[in-house]
Amino acid sequence: MDTRIIGLGVPAESVATPAIAAAGLVRSFKDNRALDDVSIRVMPGEIHALLGPNGAGKTTLLKILSGLAAPDEGDIQVLGQAGHRLMTRDARAVVGLIPSGDRSFYLRLSGLENLMFFARLYGMPKRQAASRSWDVLRAVDLEAAAKRQVGVYSHGMQKRLSVARALLMDPPIMLVDEATHDLDPEASRTVRSLVVTARDHGAAVVWATQRLDEIRGFADRVTLLHEGRVRFEGTVPELMAVTVPRRYLVHVRGRAPLHVAARALTGIASLTGSEETEEQFLLVLEDGAGLGEAIVALVGAGLELVACREERSEIESAFLFLVRGTS
């Protein structure tokens, strides 16, 4: 896969300026308020995850940021320019949009012909449009299928073609809506790799997802939406540090004197299990307590620990706590 085609020329002086700065966005559909006072800032060279369950307002926000829809209220700045409104040729040149379900390709045309059509629509000269289309097809590993009709492409191939189209103009902003939720692992890795490469070359990326496994080790910052409102904004570690009880399944060798261990854990954690039949039990940490402190107390109480694993990931616990008010 050739990733050299992504050569985003982001001026050095723009690094301190948000690529996207939206404040107080409101958008309603009849009696439903899809966005309610939503603000978001995304810096160049940052992957900003837009996290939330179905119906949280993620797609509506991406449409507004891309210029495909206008907010009822609120202010938007894109690349330092105010008044970003409905889609124009200039807007298409700076925003690469990868929608969740893409029905805008012409199925009787080839992948190459589709990309050339959109490149020309963006204002690119014909010869440059052809060259650039081949470049991005190689980048998404579709060169061999370039002259096949898009109608015979698999779903994963069509998704990669959407990524190729988003890369046509080397956009300094990429908006990605549920890009990998129905792709196989290999196709998902390809899409993520291309997005990371764009980020590494200075692009500001908004990656909308409801999949928690896509956040850790990938996103730089997170905005969590629920019912159209921002419930959290910060880094991934800050999201995981949201105060919720942390549960660990502890496996011990032989029957454990749980009543003795429970006394040793007073103020550190609570235990749940059957002393008569179980060789494993649930350990729930108190606020501010560390797992290491609990393990030391358990060993000191005479338990021989075999294994300890988190029952639910910290990020999943934080997500559920923020959207449901429960751990």
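Bear in mind that the values in this text are calculations on the coordinates, not laboratory data. This is a predicted model, so every value here is computed, not measured. Cβ atoms come from the backbone with ideal geometry, glycine included; neighbour counts cover every protein chain shown.
If R0 equals 35 Å, the separation of the Cβ atoms of E304 and Q210 corresponds to a calculated FRET efficiency of about 0.30. Distance between the modelled labels on A93 and R229, one decimal in nanometres: 4.1 nm (7 Å Cα→Cβ projection). Extension gain, V196-D72: 0.36 nm per intervening residue step, less the Cα-Cα distance, totals 41.4 nm.
Of all beta bridges that DSSP places with both ends in segment 12-240, some 55 percent have antiparallel geometry.
Largest first, the extents of the alpha carbon coordinates of segment 183-239 on the three principal axes equal 32, 27, 20 Å. Of the cross-linked pairs K30/K58; K58/K159; K30/K159, those separated by over 30 Å at the C-alpha level are K30/K159. Exposure proxy shown here: for I215, I173, the number of other Cβ atoms within 10 Å sets the order, fewest to most, as I215, I173.
With neighbour counts taken as other beta-carbon atoms within 10 Å, the residues R160, R33 rank, fewest first, as R33, R160. Here each label is just a point 7 Å from Cα along the line to Cβ, and for R120 and A16 those points are 4.5 nm apart.
Remark: relative contact order (segment 12-240) = 30 percent; criterion is Cα-Cα distance under 8 angstrom and separation of 6 or more residues. Label-to-label distance for Q128 and N54 is 4.3 nm, based on points extended 7 Å past Cα in the beta-carbon direction. Only lysines eight or more places from K126 in sequence, or on another chain, were considered; those with a Cα closer than 18 Å are K147.
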